[in-house]
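**Student:** What follows is a structure written as structure tokens; I'll ask about it next.
The values are calculated or read from the model by the stated rules, or taken from the named source; none is laboratory data. Please read all numbers here as calculations on a predicted model, not as lab measurements. Here the Cβ positions follow ideal geometry from the backbone for every residue, glycine too, while neighbour counts run over all protein chains shown.
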């Protein structure tokens, strides 16, 4: 059963938090699809992932999709066989789709009112669908702190 994680960005921006989570994804041997709300976001993340850390490399792309360990896209297709789905920019979370992944992550910035509202709707939809959900928020130092968890058997 998929685990759905909600990441509430308040101290560190997406551009800092997402590469860390993608590194952990690849370290597990997983593939990821990062679904963005606009082509501009895809292009910005593509540039970022090439340059965010001189000591690291995150293999990713926006084309030749089936070969990409990390696929950046605005589309619904998952041609790279991703284990993990990242939803950004307030994209609607479909619990049935999310359940097909090992893990799905909804990332939202508290300063983005529509994304925050979408995350609340997603939490309700995910938990009502009986999927395990964990809510993480950034603490004072920017580290992730578990704030809530809902398991179907709880």
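**Student:** Specify the residue that is surrounded by the fewest Cβ atoms within 10 Å (Cβ to Cβ); the eligible residues are those in the stretch 72-93 that are part of a strand (DSSP E or B) and touching a residue at least 40 places away in the same chain (Cβ under 8 Å).
**Tutor:** Among residues in the stretch 72-93 that are part of a strand (DSSP E or B) and touching a residue at least 40 places away in the same chain (Cβ under 8 Å), the one surrounded by the fewest Cβ atoms within 10 Å (Cβ to Cβ) is 73.
**Student:** Are any of the residues in the stretch 94-111 surrounded by 19 or more Cβ atoms within 10 Å (Cβ to Cβ), at pLDDT 95 or above and part of a loop (DSSP other than H, G, I, E, B)?
**Tutor:** Yes, the stretch 94-111 contains a residue that is surrounded by 19 or more Cβ atoms within 10 Å (Cβ to Cβ), at pLDDT 95 or above and part of a loop (DSSP other than H, G, I, E, B).
**Student:** Given the criteria out of contact with any strand residue (DSSP E or B) (no Cβ under 6 Å at 6 or more places or on another chain) and part of a helix (DSSP H, G or I), does residue 54 qualify?
**Tutor:** When the stated conditions are applied, residue 54 does not pass them.
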